[in-house]
Amino acid sequence: MSGSSSGSPPDDPGDDDGRQDSSAGASRASSGPSRSAPDPDAVTIEDDGVVRWFLETDDENVIMVRDVLSSVAIVAVVGLLLFGISGIWPPLVAVESGSMEPHMERGDLIFITEEGRFAGDGAVQGTGVVTYEQGKESGYRKYGKAGDVIVFKPNGSERTTPVIHRAHFWVEDNESWVETKASEEIVGDATCEEIASCPAPHAGFITKGDNNAGYDQLRRSGARTTVVKPEWITGKAKVRIPWLGHVRLTFDKLLGGMLVPTSPSSPPLQGSAPAATAMTAAPESPGAPSSGLDSEFAGMAAVAGVGTAAAASRYRR
């Protein structure tokens, strides 16, 4: 019939092409770039405020700033804790010479406390300092020998670099200490008349570097100071952190002494051995009683050491 020939059969290729074109168009439309919906949980300043956004955002720049501030805050908190324990700021000092070798090396960082804190047995009344002579009797030891290592200002001067040496014995005002208490191995056949600080012009401590041949109060020896008054003492050494003091000394060298004013140069140490090229921690003598206080401080001092080393004071001879 003529009517049947006018229509398109069901399997007409033309219809297939149309369907293919339509599906291809739909495919092309779906392959276009898709837009992701905003994360409803994302932190924004508008919705959450500046503080929460700063603490929780995933922005890389903010994360870096946040990490730096966190590190600074940790160092500050530990530093304040050390200050609360020591009563001194800065509580860490750098050693710049070898007069206390081998018990303290150049470049060591030393945690110090106020003189009167944590006094050992046999401390001189009113000072909190145990002398070398008293320490031998009571068994009190610090840094490989009897007695406390103290930090003091030579002759009480604010213009000179403080000294960190061991307190050997206490003398009374007008005492002829060279004849009454000094070691013959150190003073030899010297008499009181030959020593400027003898008789003692006032009560105080006779001091000496462990690596020095003579007392600081002898002429041309040690720290060049008279008898050390208790009020000249600025601290007492408690914990040694090897090498970390080099940070402080390097800063001072690079900045030309701007961190701490330099003091006039001093003559070479009397009878001191050449400084060791390798600096290692010196062990306590066998059988020496250990201090639990030192072990508690050591960890905290090490944590705060890097952050405060550049600000630490420097101590000599």
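What is the number of the single condition among (1) open to solvent by 40 Å² or more (accessible area, probe 1.4 Å); (2) within 14 Å of ILE206 (Cβ to Cβ); (3) touching a Gly at 6+ places or on another chain (Cβ under 6 Å) that GLU133 does not meet? It is condition (3) that GLU133 fails. Every residue in region 240-265 that is open to solvent by 10 Å² or more (accessible area, probe 1.4 Å), at pLDDT 65 or above and within 30 Å of VAL130 (Cα to Cα), please. Within region 240-265, ARG240, ILE241, PRO242, TRP243, LEU244, HIS246, LEU249 meet the criteria.
Residue check: MET104 meets all listed conditions (1) in contact with a strand residue (DSSP E or B) (Cβ under 8 Å, 6 or more places away or on another chain); (2) surrounded by fewer than 21 Cβ atoms within 10 Å (Cβ to Cβ) but one, namely (2).
Of all the residues that make up region 146-158, how many are in a loop (DSSP other than H, G, I, E, B), open to solvent by 10 Å² or more (accessible area, probe 1.4 Å) and either under 21 Å from ALA200 (Cβ atoms) or in contact with a Ser or Thr (Cβ under 8 Å, 6 or more places away or on another chain) (or both)?
Going through region 146-158, the residues in a loop (DSSP other than H, G, I, E, B) turn out to be 147-148, 153, 157-158.
Keeping just the survivors that are open to solvent by 10 Å² or more (accessible area, probe 1.4 Å) gives 153, 157-158.
With the extra rule that they be either under 21 Å from ALA200 (Cβ atoms) or in contact with a Ser or Thr (Cβ under 8 Å, 6 or more places away or on another chain) (or both), the set shrinks to 153, 157.
Residues flagged as in a loop (DSSP other than H, G, I, E, B), open to solvent by 10 Å² or more (accessible area, probe 1.4 Å) and either under 21 Å from ALA200 (Cβ atoms) or in contact with a Ser or Thr (Cβ under 8 Å, 6 or more places away or on another chain) (or both) within region 146-158 amount to 2.
Residue by residue, here is whether (1) touching a residue at least 12 places away in the same chain (Cβ under 8 Å); (2) open to solvent by less than 90 Å² (accessible area, probe 1.4 Å); (3) within 30 Å of ILE110 (Cβ to Cβ) holds:
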| position | (1), (2), (3) |
| --- | --- |
| VAL43 | yes, yes, no |
| ASP47 | no, no, no |
| ARG52 | no, no, no |
| THR57 | yes, yes, no |
| VAL62 | no, yes, no |
| ARG66 | yes, yes, no |
| VAL75 | yes, yes, yes |
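Report yes if some residue within region 210-229 is within 20 Å of ALA119 (Cα to Cα), under 34 Å from the mean Cα position of the chain (by Cα) and not in a loop (DSSP other than H, G, I, E, B); otherwise report no. It would help to see each step written out before you state the result.
So in region 210-229, the residues within 20 Å of ALA119 (Cα to Cα) come out as 228-229.
Of the ones still in play, those that are also under 34 Å from the mean Cα position of the chain (by Cα) are 228-229.
Subsequent filtering for residues that are not in a loop (DSSP other than H, G, I, E, B) retains 228.
So far as region 210-229 goes, yes, one or more of its residues are within 20 Å of ALA119 (Cα to Cα), under 34 Å from the mean Cα position of the chain (by Cα) and not in a loop (DSSP other than H, G, I, E, B).
Contact map, region 157-180: first residue of a type in the set (Ser, Thr, Tyr), second residue assigned to a loop (DSSP other than H, G, I, E, B) and open to solvent by 40 Å² or more (accessible area, probe 1.4 Å), Cβ cut-off under 6 Å, separation 6 or more or different chains; pairs are SER176/PRO199. Evaluated against (1) crowded, with 20+ Cβ neighbours inside 10 Å; (2) outside any loop (DSSP other than H, G, I, E, B); (3) not hydroxyl-bearing (Ser, Thr, Tyr), ALA200 falls short on exactly one condition, (2). Would region 123-145 turn up any residue that is within 14 Å of PHE169 (Cβ to Cβ) and part of a strand (DSSP E or B)? Within region 123-145, one or more residues are within 14 Å of PHE169 (Cβ to Cβ) and part of a strand (DSSP E or B).
Mind listing just one residue for me: the one in region 178-192 that is touching a strand residue (DSSP E or B) at 6+ places or on another chain (Cβ under 9 Å), closer than 17 Å to ASN212 by Cβ and of a type outside the set (Ser, Thr, Tyr) and, of those, modelled with the highest pLDDT? So, considering only residues that are touching a strand residue (DSSP E or B) at 6+ places or on another chain (Cβ under 9 Å), closer than 17 Å to ASN212 by Cβ and of a type outside the set (Ser, Thr, Tyr), the one modelled with the highest pLDDT is ALA182.
The values are calculated or read from the model by the stated rules, or taken from the named source; none is laboratory data. The structure presented is a predicted model; accordingly, all values stated were derived computationally and were not measured. As a convention, Cβ positions derive from the backbone with ideal geometry for all residues, glycine included, and neighbour counts pool all protein chains shown. Calculation scope for accessible area: heavy atoms of the full protein, side chains included, ligands and nucleic acids excluded. Shrake-Rupley method; radii C 1.70, N 1.55, O 1.52, S 1.80 Å.
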